[in-house]
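Notes to accompany the following structure.
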Amino acid sequence: MPDPLAERPPSWRRPAGGTFGRRLAIAFAVVAAVTAALAAVLISGAWNVEFDRYLRDNLQRAADGIAQVAAATYPSHGGWTIQTLSTIPRFGSMRGVAVQILDGDGSLIYDELSVATQLEMMDARAGEEQGFALQPEGPVVTSPVIVNGHDVGTVRVWAYGPGALVTERDQQFRQASVRALGVAALVAIAFASIAGLGYANRLVRPIETITVTAQALRRGEREARTGFDGDDEISVLGRTLDEMADAIEADRELERRLTADVAHELRTPLQAIQATVEAMQDGVLPADAERLGTVRNETVRLGRLADAILELTRMERGSLPFDLRRIDLATPVRTVVDAHEALFEAAGLTLSVNLASGLMVKGDSDRLQQAVGNLLSNAARYTAAGGRVDVVVYAKGTDAVVKVSDSGIGVAESDLPHLFSRFWRADDARATSTGGLGIGLAVTKEIVERHQGRIIVERRSEGGSRFSIAVPLA
């Protein structure tokens with residue numbers, strides 16, 4: 001993405017407050033911290049689960065080993081005797097592991113932590129139940145004692161201390177893992193913060209450019225543009241701002257031209273009226289019917305200009321009502337053609353008409369006559385004697401089309417985009433004495449658009465112009 005700020009005049013450059021960039025960088029850091037913390041919690045939890053499984057597997061292996069020893073010595077000593085129990089491996093309280101053995105009936109017959117008391121108990125009071133101070137807590141693993149296919153007892157093992165079957169190396173590994181996880185989280189937060197700051201600056205820079213450009217436009221610096229041409233969202237936003245600025249500048253130019261054109265249109269009849277009245281006042285010209293007729297004609301022209309401007313303004317605002325009905329498009333076209341036949345005959349023009357009937361549209365007959373009438377008047381005004389004007393009505397797809405072609409002076413290619421602007425006339429047309437008010441085509445365009453239609457103009461290769469009005473079929 002280009003950086004138009006680097007090549008702009010000093011008045012366009014404004015230091016960025018940086019608050020958005022800082023907030024964005026902080027947001028990246030916070031997100032990184034939360035992500036790292038969440039990852040640490042999840043990883044730590046998963047690690048603890050695996051470690052507990054590892055511990056349980058160790059306990060299970062111990063229980064299975066004791067069960068195998070007991071099963072091997074059980075037959076040789078004739079059952080659960082002192083000799084059998086004395087062969088049981090002892091883990092001791094230093095290992096944090098408790099071992100108990102239950103006989104086939106589920107009665108407790110051996111507890112490693114109170115083995116001396118138990119052995120004495122088995123000698124003196126065999127078969128009498130005794131309670132033991134240590135009861136299983138937490139995860140307990142068991143392993144059956146199988147002798148000749150019979151279950152003669154159960155070995156029960158559980159951990160009651162933090163060092164149960166865990167070597168010092170295991171503890172060191174666990175602590176090192178936790179420290180490494182913490183360091184990784186800090187590194188991730190630092191990296192995300194630095195990367196977030198860089199990305200925030202990269203993101204904020206074009207936003208700052210757009211802001212500076214908008215401020216410059218607000219101050220009246222009409223040439224201010226972002227110059228963005230990328231495809232990302234910010235570039236599209238900057239390009240849209242540039243297009244908006246171009247449109248605003250075009251509207252300003254149109255307003256300036258409109259003011260000049262209105263002044264031009266008003267000045268000519270006012271000067272004629274003023275000159276005629278002053279001449280009559282000074283006695284240079286007689287105040288007869290001819291001179292008064294000149295004043296009246298110019299006054300009428302001013303009135304027509306005012307009415308046309310008012311009508312166009314009301315159309316643009318949508319305040320002028322249209323009586324839309326389902327009509328045959330050929331009917332209003334035929335009416336306006338008949339009304340202009342005398343005009344074409346007087347101008348020495350050949351008029352060709354080919355109107356297809358039955359093309360029903362939803363329209364205002366009077367307004368459509370006005371639109372087509374403007375096109376016919378222009379064709380008669382700007383076509384020399386001996387020329388030709390063709391009027392055709394036909395169907396094209398889902399539209400009914402009215403086409404008016406002439407062999408007149410035509411319109412330059414560069415003038416086509418401006419042809420429907422109010423008061424706009426090509427220089428050749430303005431120079432002729434038959435020049436109109438310069439507002440008829442603008443009115444025609446508004447009428448067509450109110451009918452949900454469109455109007456286009458083309459240059460004919462053989463000379464002249466071709467106007468086409470397309471209205472949706474009803």
| task | Would you check if residue 289 is over 30 Å from residue 29 (Cα atoms) and at pLDDT below 80? | result | no
| message | Can you report the number of residues in the range 59-68 which are open to solvent by 50 Å² or more (accessible area, probe 1.4 Å) and either within 14 Å of residue 150 (Cα to Cα) or touching a residue at least 12 places away in the same chain (Cβ under 8 Å) (or both)? | response | 3
| request: May I ask you to verify whether residue 226 is in contact (Cβ under 8 Å) with a residue 12 or more places away in the chain and either closer than 30 Å to residue 45 by Cα or not in a helix (DSSP H, G or I) (or both)? | output: yes
| said: Among the residues that make up the range 381-395, is at least one of them open to solvent by 30 Å² or more (accessible area, probe 1.4 Å), of a type in the set (Ser, Thr, Tyr) and either outside any strand (DSSP E or B) or within 30 Å of residue 274 (Cα to Cα) (or both)? | reply: yes
| query | Restricted to the range 224-246, and to residues that are of a type in the set (Asp, Glu) and open to solvent by 30 Å² or more (accessible area, probe 1.4 Å), which residue is farthest from residue 19 (Cα to Cα)? | reply | 246
| Among the candidates 249, 221, residue that is open to solvent by less than 80 Å² (accessible area, probe 1.4 Å), assigned to a loop (DSSP other than H, G, I, E, B) and either modelled with pLDDT under 80 or more than 30 Å from residue 55 (Cα to Cα) (or both) | 221
| Filtered residues of the range 92-105 (kept if surrounded by fewer than 19 Cβ atoms within 10 Å (Cβ to Cβ) and either in contact (Cβ under 8 Å) with a residue 24 or more places away in the chain or more than 15 Å from residue 154 (Cα to Cα) (or both)) | 92, 93, 94, 95, 96, 102, 103, 104
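The values are calculated or read from the model by the stated rules, or taken from the named source; none is laboratory data. Values in this document were obtained by computation on a predicted structure and should not be read as measured data. FYI the Cβ positions are ideal-geometry reconstructions off the backbone, even for glycines, and counts take in every protein chain you see. With ligands, DNA and RNA removed, areas are computed over all heavy atoms of the protein, side chains included. Shrake-Rupley method; radii C 1.70, N 1.55, O 1.52, S 1.80 Å.
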